[in-house]
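Enquirer: Below you'll find the structure I mean.
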Amino acid sequence: MLRGLRRRWAAYRYRFVPWLALNLRRQRRTLRYVPESSQDKIIPDEAVLETLLRAFAALFASDLGRQAPVLAARPEIGRKYGEPEPGRCQEAARGPQEVLFQALGFGLARRHSSLPAAGTGVFLSRGGARRGAVVAMYPGTVYRKHEPIFFQSLGNPFIFRCIDGVLIDGNDKGLSRAVYRSCSRRDQLGPFQMSDVSWLTAAPQNPLAVGQYVNNCSYEKAANVCYQEFDVPSCFPVELKQYLPNIVYSHDIQSPLRCVVLVTLRDIKQGEELFSNYYTVIN
């Protein structure tokens, strides 16, 4: 039993705040200090929004054939992105990763981490990303303070804590998976999907939705990306919300959807693994 508890302790310590205080001294070289929460921005929110709109618009335009219900409900959307043509099927055949590469200049891949015993990691599989670029998103169900997440948290190392206490459950298995799917179906408006459920599979339609697999930095591997919280504005195009890999747990609370993106701290080349910093201390 003690060995089992130790294994669970090791799995939780990087994500949950109670374990943070007990590990600060040992992890001091990998700490990230922020003067105050309002300054925890690597790039402006406008830059994050611009990147997401560019990537999502490219994904939408490359797959107009699958968007027939949306285009039928809102014909003006078809005129915005171009009506589907026979040649469009060849573009869609490229797949989301190819579309991402054409739109943002890089591709991502999940494979075994370069860190011993770290499990799955995320690599820049092609191209390159300049400093200050959005390279991934942290998917999952968004829980506000005091919302029920106890059972989802059991044995779950993928719960991300935002600075204001909002939690994002990035687990793609078990109860967490079921809750996300249920909330996504609940919020669908006719043909318009309000979130992406494909990140729960091995073939996400939004290739950026792999941030939960980015490993923590170490003494040997310094962080090259950083988490940045981002609230989706009300002006976000409804047809592109189908690529947002986040959904709120409670539908009756009106507030912006919280997303978390990963922003590069330096130029990253093809073949490099992404490393973030699980420890952020707000002075």
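The values are calculated or read from the model by the stated rules, or taken from the named source; none is laboratory data. As the structure is a computational prediction, the values presented were derived from the model and not from experiment. In case anyone asks, the SASA skips ligands and DNA or RNA and just uses the protein heavy atoms, side chains included. Shrake-Rupley method; radii C 1.70, N 1.55, O 1.52, S 1.80 Å.
Enquirer: How would Ser62, Ser114, Ser234 rank on accessible area, largest to smallest, probe 1.4 Å?
Expert: Largest accessible area first, the list is Ser234, Ser114, Ser62.
Enquirer: How do His251, His112 rank by accessible surface area computed with a 1.4 Å probe, from largest to smallest?
Expert: Order by accessible area, largest first: His112, His251.
Enquirer: With θ taken as phi - 60° and the coefficients 6.51, -1.76 and 1.60, list the Karplus ³J(HN,Hα) couplings across segment 261-270 in order, rounded to whole Hz; mark glycine and proline as x.
Expert: Using θ = phi - 60°, the values come out as 10, 10, 10, 6, 8, 7, 5, 10, 9, 4 Hz.
Enquirer: List every residue whose amide H lies under 5 Å from the amide H of Arg126, counting only residues 5 or more places away in sequence or on a different chain, with H placed 1.01 Å from N in the peptide plane.
Expert: Gly107, Gly271
Enquirer: Can I ask one more? Please compare each pair in Lys145/Lys173; Lys80/Lys269; Lys145/Lys269; Lys145/Lys221 to a cut-off of 31 Å on the Cα-Cα distance and tell me which ones are over it.
Expert: Too far apart for the 31 Å limit: Lys80/Lys269; Lys145/Lys269; Lys145/Lys221.
Enquirer: Just the accessible area for Asp63, please: 1.4 Å probe, Å², rounded to the nearest 10?
Expert: 30 Å²
Enquirer: May I ask you to rank Asp267, Asp196 by accessible area, largest first, using a 1.4 Å probe over the protein chains only?
Expert: Ranked list, largest accessible area first: Asp267, Asp196.
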